[in-house]
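Written below as structure tokens is the structure these notes are about.
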Amino acid sequence: MRSISRLTVLAALVALSVSCGDVVRDGKAPVMLVINTLQGAQGSKPGSFGVPLNSDVITNVTSPAPCTAATPCPTIFNDVGQAALQVVLKDVSVTPSSNNQVTITRYHVEFVRSDGHNVQGVDVPFAFDGATTLTIPAGGTGTVPFELVRFTAKQESPLVQLITNPIEISTLATVTFYGTDVVGNAIQVSGSLSVNFANFGDQ
């Protein structure tokens with residue numbers, strides 16, 4: 001019986017050590033990121049954030065000269081995004097410290113369609129990575145600006161065809177933010193918003 005008990009305790013200790021090792025290797029941080037809001041704005045109106053984003057593939061600009069209402073200039077704008085992030089402690093009984101602050105360093109944007117037609121460069125724009133930097137204290141919030149639709153995406157298929165084609169492509173954009181806390185634990189969070197592509201009317 002004693003041998004069995006010793007073996008049981010030994011097995012438990014081994015299991016515990018393996019579990020702790022997995023935690024260390026996985027780099028699980030004591031904090032997590034939460035997306036409070038995720039919005040987009042047309043590049044021609046970068047301060048007008050909302051959901052959904054109606055991404056205009058071509059915009060007729062009437063100023064400055066030589067652009068006028070009579071002879072507008074067809075212009076391509078990239079579209080921008082804005083995410084309100086929060087750093088939350090996983091254990092609410094712990095007092096946060098400066099080690100728990102999180103620095104966002106990059107993001108990834110990927111587009112999909114609800115009809116299942118998701119070939120990049122054919123049905124939806126190519127996914128891409130970008131860089132942005134913001135440090136958020138534990139328990140605090142911060143707003144991260146980022147590029148949501150690239151200028152070059154509107155010059156590539158399938159968006160470039162929409163300049164002369166009156167159809168609309170409706171997509172879901174998934175944005176993933178990546179960062180680390182002060183001690184190097186990797187942290188990420190994803191959110192989605194609707195992005196509709198078309199040659200929308202200009203005011």
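Considering only residues that are within 20 Å of residue 80 (Cα to Cα) and open to solvent by 80 Å² or more (accessible area, probe 1.4 Å), which ones fall in region 112-130? 126, 129 - these are the residues of region 112-130 that are within 20 Å of residue 80 (Cα to Cα) and open to solvent by 80 Å² or more (accessible area, probe 1.4 Å).
Of all the listed residues (95, 105), the sole one being over 30 Å from residue 192 (Cβ atoms) and either in contact (Cβ under 8 Å) with a residue 24 or more places away in the chain or surrounded by fewer than 13 Cβ atoms within 10 Å (Cβ to Cβ) (or both) is 95.
For region 153-203, a residue qualifies if it is of a type in the set (Ser, Thr, Tyr) and either touching a Pro at 6+ places or on another chain (Cβ under 9 Å) or in a loop (DSSP other than H, G, I, E, B) (or both), and the qualifying residues are 157, 164, 170, 171, 194. Of all residues assigned to region 176-188, none qualifies as being surrounded by 15 or more Cβ atoms within 10 Å (Cβ to Cβ), aliphatic (A, V, I, L, M) and either over 12 Å from residue 103 (Cα atoms) or out of contact with any Ser or Thr (no Cβ under 8 Å at 6 or more places or on another chain) (or both). Just to be sure, is residue 135 more than 18 Å from residue 53 (Cβ to Cβ), of a type in the set (Val, Ile, Thr) and part of a strand (DSSP E or B)? Yes.
The values are calculated or read from the model by the stated rules, or taken from the named source; none is laboratory data. Quick caveat: nothing in here was measured; it's all calculated off a predicted structure. Positions of Cβ are generated from backbone atoms using ideal geometry, with glycine treated the same way; all protein chains shown enter the neighbour counts. Side chains are part of the model used for accessible areas, which takes the heavy atoms of the whole protein and leaves out ligands, DNA and RNA. Shrake-Rupley method; radii C 1.70, N 1.55, O 1.52, S 1.80 Å.
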